[in-house]
Amino acid sequence: MPEKPLNQRKFLQPEQLRELGLLLFILAIGLAVQLRNPVFLSISNITSLFTNTAILGILAVGMMLVLVTRGIDLSIGAIIAFTGMVTALTVARFPGLPPFVAILEGIIIGMVFGALSGILVARLDVLPIIATLGMMNVVRGLTYVVSGGQWVSSYQMSDGFKAIATGKLFGINNLIVIAIVVYIVAAYYIRHTRVGRRIYAVGSNPEAAEISGLPRRRLIFLAYLIMGGLSGLAGVLWVAKFASAQGNTAIGYELNVIAACILGGVSISGGVGRIFGLILGTVLLGILNNALPLINVSPFWQMGIQGLVILAAVITNVLVRRNTERDALRRRAI
Amino acid sequence: MPKTLLELKNIVKTFPGVKALDGVQFNLHQGEIHGLMGENGAGKSTFIKIITGVYQPDGGEILLNGQPLRFSTPMDAQRHGVAAIYQHVTCYPDLSVTENIFMGHEKLRKVTRRIDWTRMHSEAQKLLNQLNAGFRSQIRMGDLSVARQQIVEIAKALSTEAKIVIMDEPTAALTQHESQELYRITESLRDHGVSIIFISHRLEDIERLADRITVFRDSRYIGTWQAGQINQNQLIVAMVGREITQMYPKHSKNPGDEVLRVENLTRTGYFRGVNFQVRRGEILALTGLVGAGRTEVCEAIFGIAPFDDGSIFLEGKQIQWSSPVDAQADGLAFLPEDRQKQGLILEWEIGKNITLPALKYFSNLFWMDPNREAKEAGRLASKLAVKAPSIFAKAATLSGGNQQKVVFAKLLIRNLKVIILDEPTKGVDIGAKAAIYEIIENLAAEGYAVILISSEMPEVLGMSDRIVVMKQGHVTAELITDQTSQEEILNAAMVAEVHHA
Amino acid sequence: MSDVRKISIEKEWSWKGFFLQWEWLLVLVLIVVFLVNSLISPYFLTLSSLIQTPSTFLDKAFIVFPMTMVIILGRIDISVGSTVALSAVVMAVSYNAGVPMPVAMIICLLVGTIGGGLNGLLLTQFKELSHVIVTLASMIIYRGIAYIILGDQASGGFPDWYSFLGWGSIAGIPFILIVFAVAAVIFGLVLHKTRFGRSVYGMGFNSTTCEYSGLRTDRVTLIVFTLAGLMSAVTALFLTSRMGSTRPNVATGYELEVITMVALGGVSTSGGIGKIGGPILAVFIIGYLSYGMGLANIQAPVVLVVIGLLLIVSVLAMKFRVSPKKRKLAM
């Protein structure tokens, strides 16, 4: 049966079209908020918007990799709390500790938990949502146990440690710098390295990956390991930024991160996820958080609006896809 | 004497409770197409997995160019020049064609070790051009048709510079036309010195392509023949172990009144203006190439997919089934094409599978009645001669043919008028095929109207009273079986003009 | 059909199969928990203590029944905790706005039912969406609405008789335990004896086959998720009664505890496998365990750790039981 030649390149791929739509939506929201409150597009507000979104963005990269492998990680909020707590306790005990060591400590602890989730999912074939739900509880409980229910407060932390989040590099806040570095590395990693591409291959078709001899389990493990490392990093940044470590730090934050990914077009059924979309998704979520107070929306509305935006995004996605499919059928001239 | 490239001797492989291969031998010459045949469960798949390094043999030896070795992983086999193209295409739908071709052996830049996209794209395109593919390597794999995906798989084998290519039922999902294309590509591979192991159920594939033929049966090696030395009948005997004298049962042709009629049925993008009717006690074959819209028409009738225009009449009354629930209530049954994914719950016992479409009949107001259920399931399983110890055996433990019989039993559990069978003998071995033909014939004899969707010409000609041929979503011919020929059907399926409305 | 072979319709009874059931292991665990608890407190193993204790942990257990169905369907509903919060908040606010308490309670049940029904509708109308995304979104939205309604306030001041739900007893048996037992019987019968239950199991293994077999699969999905909402509202009734007031952040993390109970109860998270008895035993194991740890002055965070570990361990153990062969191949 003759098929249409596929040689002409379409003007925009579907994913690009989706990202364009998201971009326009962001601009529209930005414009609307700007008209209500001119503070929105001031340099200082934009800086604070990105500073506040940086941690979310860093975590979203890891979550994207996990989602690409058809997984999900619900334990990251707890890992943030635990690593934050442990580094804060370390810093309180050894005030002279170089900030760099604190960050490394956080990353390593995070990777340990990531590795545990990775073993459960990749080696022992536990459903990701179940494995990480269990990990979430265990790690959250451990956070209370190590802290003995106490907080670590601002005065117990050295200025050097707090400067991790407040300091600047080339006039840009450290958090933003770190997030940019993470994004550049991630973009290179998933586009130009073998392992990065293979993670996508495994998510796209796990059976095929197995048959063609890709180390499927190791790649899935790797995704959780990276997610753990990034959560550990985020934990240190979080505690440095808010200058306090508590047992209930970042509770439920995994939902925001997953939301950012979904808004950014990462498919929960695996294999699909682009860095540019992810940036847009994160920024949109950041704007929602930043702009609502500026236009006098009570903070209690934030959660509901976030949820509705997510639902609207996924449903729009489905409707658009159905529409393209219907158009394709019409063109088949049968 | 041609050079022997690969030789396997006395290969044994056991799984818990099953001897999958029992002292099997095989040898592959340089630059030949070697057909490997056998019924389902004969051990072909296990054998292939041993050559490709997925499984390790428990005994025997493998010689490559006379050197004994073992393939410990699929990667290892690939390094030794073995590539496999599997039955169900194993691709990465979200990735580009280039990546699909090079996944596992990506081209890297020397110093930075980063992926060399320019080189990969250009080499991929070169391979595709070499195969006359006619599409670009940057395209997303998921956007291609199955046939084109298969071409990509072949390009992948070429890219590993494979010397041995294994094709596991590559034509199973292809149309006649696409099969021809695949034959051409396969032969050109051979002419370039590649050795090919070609596994197929279709006798025509083997007849057309194979230089030599090896047959397995019941996990054992039966024999190897030169292509000219064995005819179709002998081949069937070798595979089945007995002669099938009468493949198609004698069909008594006395159709009654019209039961089902469709008029001008249309679903945009799938089929348009389809008309046909089927009578009591009649077998109507619905044929055409895969993708001609046969399954879609029947799914629309059954209410599992929508249609945009046209009407359906059951016994003269116009009806509109919006879901299979309504269609079944009115006496329509549908045997789906994929018995494992659409027909059965493999994890369930036979009995529960059989009663699934008729749970209502086995419950009083609220409660299920397990005794009545077991009796009825047992009656139907015996009637269709399902080979199993009891109705509490899991469906997954049955052979393909017996599984199909269970799906037939599911249809019969309700009072029916019309039965639609979508490729009922697909992937069923020859022995079980004859049994299924007998079941179909008995259904017609009992007065059901049967619509048989089939791509196999002998089956269409052997079983039906009338034949409706579809091409690209349109009916191109309606023929009386006794007064037509294979040529006429193929002409309608592949050549006839389709008038676009 | 030439050689009609008789196929057996007698089910073979095997003692081995009977005793190899997961539920026996759970009974054993429950006994161990009892023994350890009675070592900690000599008063624990008295009849009245055993009967009274469940009222401390049974509130969330009502969600276990529909969650068992959801997981047998091969899906998961993580919005139940939020549904509890939303229906409790709406009930409290409408009562304080002058609605009579019985009506407010009916409103509570309605809100839960609608919440669950919306999940079901989304899942059946947009089949492309994964249940994880849908219930994740509604998890955020429902709790979000609770916050919109009540801010970070608490709402309470219910009539005295309302506390009977959570605290009252009939003939020495806590009211909540009686309701739980009734619900257990109803859900058990529905799941194991009706064609609705059979459909749930079938869809858990292979939804496509069920559709081709003419089952009303959409309706089953809708009903199961609606039940999850309804029973969340029932939990809201009892929880609010026990606490005396409610706030938008109640029942946070209930989904986890409920899923843990279901998984510990031997219901396979990949669908199709499990019975109602297991999760019911698991409710009591986890309940008495937490209670006992409280007796031993073990802090709540440790209990959190234990529950998380229990979830992981029980899922792993189930895997072993379901398919030791498959697991070996996969390793």
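The values are calculated or read from the model by the stated rules, or taken from the named source; none is laboratory data. What you see is a predicted model; the values in this text were computed from it and never measured. Here the Cβ is made from the backbone with ideal geometry for all residues, glycine too, and neighbour counts use every protein chain on show. Just so you know, the surface numbers come from the protein's heavy atoms only, side chains and all, with ligands and any DNA or RNA stripped out. Shrake-Rupley method; radii C 1.70, N 1.55, O 1.52, S 1.80 Å.
Positive end of the dipole of region C:55-251, charges at C-beta (+1 Lys, Arg; -1 Asp, Glu), about the Cα centre: which of C:A154, C:Y212, C:V103 has its Cα farthest in that direction? Going by the Cα projections, it comes out as C:Y212. Simple point charges give the picture: +1 on the Cβ of Lys and Arg, -1 on the Cβ of Asp and Glu, and for the protein assembly as shown a dipole about the Cα centre of about 2040 debye.
Here region A:8-83 and region A:164-222 have alpha carbon centers that stand 17 Å from each other. Which percent of the accessible area of region B:346-414 is formed by carbon and sulfur heavy atoms (probe 1.4 angstrom)? Looking at region B:346-414 in its full context, I get 57 percent from C and S.
With the simple model of a label 7 Å out from the Cα in the direction of the Cβ, B:D191 to C:W13 spans 7.3 nm.
Mark the label point 7 Å from the Cα of B:N254 along Cα→Cβ and return the residues of region B:430-450 whose backbone N is within less than 13 Å of it. Hits in region B:430-450 for B:N254 at 13 Å: B:445-447. Summed over both chains, the contact between A and B buries some 3200 Å² of accessible surface at a probe radius of 1.4 Å. Think of the protein assembly as shown as having a plus end and a minus end, set by charges on the Cβ of Lys, Arg, Asp and Glu; of B:G273, A:I129, B:I154, A:I129 sits farthest toward the positive end of this dipole. Quick one: angle between helix C:217-243 and the longest Cα principal axis of chain C, in degrees between 0 and 90, rounded to 10, please. The two axes meet at around 30 degrees. Taking each full run of DSSP H in chain B as one helix, which ones are at least 15 Å long along their axis (Cα atoms) and have mean Kyte-Doolittle hydropathy of at least 0.0? Flagged H segments are B:146-159, B:400-412, B:430-445. For the options A:Y200, A:Y224, A:Y144, a Gaussian network treatment of chain A with springs between C-alpha atoms closer than 10 Å singles out A:Y144 as fluctuating the most. Interface burial in region C:136-173 reaches 10 Å² or more for C:L136, C:A137, C:M139, C:I140, C:I141, C:R143, C:G144, C:Y147, C:I148, C:G151, C:D152, comparing the full protein assembly with the chain by itself; accessible area from heavy atoms with a 1.4 Å probe. Each Lys or Arg adds one and each Asp or Glu subtracts one; over the other residues with Cβ under 10 Å from the Cβ of B:F366, this totals +2. The residues of the protein assembly as shown have, on average, 41 Å² of accessible surface per residue, using a 1.4 Å probe with all protein chains present. Over all other residues within a Cβ to Cβ distance under 12 Å of C:S138, the charged ones net out to -1, with Lys and Arg as +1 and Asp and Glu as -1. Put a plus charge on the Cβ of each Lys and Arg, a minus charge on the Cβ of each Asp and Glu, and nothing anywhere else: the dipole of chain A about its Cα centre is then about 900 debye. If you average the C-alpha positions of region B:138-160 and of region B:399-421 separately, how far apart do those two centres end up, in angstrom? With region B:138-160 and region B:399-421 each reduced to a Cα centre, they are spaced 36 Å. Modelled this way, with points 7 Å down the Cα-to-C-beta line, the labels at B:N10 and B:V146 are 4.1 nm from one another. Over all other residues within a Cβ to Cβ distance under 9 Å of B:G256, the charged ones net out to -1, with Lys and Arg as +1 and Asp and Glu as -1. Shown for chain A are the DSSP H helices of 20 Å or more along their axis, judged by Cα atoms, with a mean Kyte-Doolittle hydropathy of at least -1.0: A:14-36, A:43-68, A:76-93, A:99-118, A:128-147, A:174-192, A:216-242, A:275-294, A:302-331.
Toward the positive end of the charge dipole of the protein assembly as shown, with +1 on the Cβ of Lys and Arg and -1 on the Cβ of Asp and Glu, the farthest Cα among B:L63, B:Q342, C:V250 is that of C:V250.
Comparing A:L17, A:L222, A:L278 in a Gaussian network model of chain A (Cα springs below 10 Å), the most mobile by mean-square fluctuation is A:L17.
About the centre of its Cα atoms, region B:4-240 shows a dipole size close to 720 debye [charges on the beta carbon of Lys, Arg (+1) and Asp, Glu (-1) only; nearest 20 debye].
Once a ≥ b ≥ c are taken as the square roots of the eigenvalues of the Cα gyration tensor of chain A, is the result rounded (a/c under 1.5), prolate (a/b larger than b/c) or oblate (a/b not larger than b/c)? Taking the square roots of the gyration eigenvalues as a ≥ b ≥ c, chain A is oblate. What do you get for the angle between helix C:195-205 and the principal long axis of chain C? Use alpha-carbon atoms, 0 to 90 degrees, nearest ten. Helix C:195-205 sits roughly 70 degrees off the main axis of chain C.
Shape of region C:55-251 from the C-alpha gyration tensor: oblate (a/c of 1.5 or more and a/b not above b/c, with a ≥ b ≥ c the square roots of its eigenvalues). Taking the helices alone, chain B has a mean residue ellipticity at 222 nm of -9500 deg cm²/dmol, built from -39,500 (n - 2.57) per DSSP H run of at least 4 residues and averaged over all its residues.
Helix C:101-125 and the long axis of chain C differ in direction by around 40°, with both axes built from C-alpha atoms.
For B:G60, nonlocal amide neighbours, meaning residues 5 or more places apart or on other chains whose placed amide H falls under 5 Å from its own, are B:V12.
Calculated [222 nm] ellipticity per residue, helices only, for chain C: -22500 deg cm²/dmol; basis is -39500 (n - 2.57) per DSSP H run with n ≥ 4, divided by all residues, nearest 500.
Among A:I29, A:I268, A:I258, the residue with the largest mean-square fluctuation in a Gaussian network model of chain A, with springs joining Cα atoms closer than 10 Å, is A:I29. Per the helix-only calculation at 222 nm, which mean residue ellipticity applies to chain A, given -39500 (n - 2.57) for every DSSP H run of n ≥ 4 and division by its residues, nearest 500 deg cm²/dmol? Helix contribution divided over all residues of chain A: -24500 deg cm²/dmol. One decimal place: the segment C:W167-C:L50 gains 40.6 nm when fully extended, by the rule 0.36 nm per residue minus the C-alpha distance. Contact order, relative form, for chain A: 32 percent (alpha carbon pairs under 8 Å, 6 or more residues apart, mean separation divided by residue count). Based on C-alpha pairs under 8 angstrom that are at least 6 apart in sequence, region B:162-215 has a relative contact order of 49 percent.
Would you mind pulling out the separation of the Cα centroids of region A:260-334 and region B:337-387, in Å? Taking the Cα centre of region B:337-387 as reference, the centre of region A:260-334 is 44 Å away.
Across region C:55-251, the relative contact order, built from alpha-carbon pairs under 8 Å that are at least six residues apart, equals 45 percent.
For region B:9-83, applying the loop criterion from DSSP together with a ceiling of 13 other beta carbons within 10 Å to the trypsin sites (Lys or Arg not before Pro) yields B:R70.
To put it simply, the accessible area of region A:43-311 at a 1.4 Å probe is 70 percent carbon and sulfur. For the peptide A:269-276, the mean number of other protein chain Cβ atoms found within 10 angstrom of a residue's Cβ is 2.
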